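In what follows, a structure is listed as structure tokens, so that the remarks can point back to it.
The values are calculated or read from the model by the stated rules, or taken from the named source; none is laboratory data. Keep in mind that this is a model prediction, so the values were computed, not measured. For neighbour counting, all protein chains shown are included, and Cβ atoms are generated from backbone atoms with ideal geometry for every residue, glycine included.
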């Protein structure tokens, strides 16, 4: 799934469509140090802003553990970096794990929702 409406939105959509939950590991999010500084200079929380911000030209995918070898081969031969940022779970809650604590994963941009959760 593309991340044009934010990583958090994509995680929610994939998990909900699949009938599973997810835990996103905040420590594993690939946040460029320059972006982190920019978010901080603007008074934001870099991790939160990276999760909910849109217009990111990246893809999110979920794969079963058996596909690990095929993903590694695709990464090597496709010259593209893959980053494992979390796990799908049988429990349907969608969480952000950071600093040893779990909290609900925020939402990204929601089309046709004036409140944009």
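Considering 60, 96, the condition of being modelled with pLDDT of 95 or more and in contact with a strand residue (DSSP E or B) (Cβ under 7 Å, 6 or more places away or on another chain) is satisfied by 96 alone. Among the residues of the range 70-79, is there at least one that is under 21 Å from residue 4 (Cβ atoms) and under 18 Å from the mean Cα position of the chain (by Cα)? No; the residues of the range 70-79 include none that is under 21 Å from residue 4 (Cβ atoms) and under 18 Å from the mean Cα position of the chain (by Cα).
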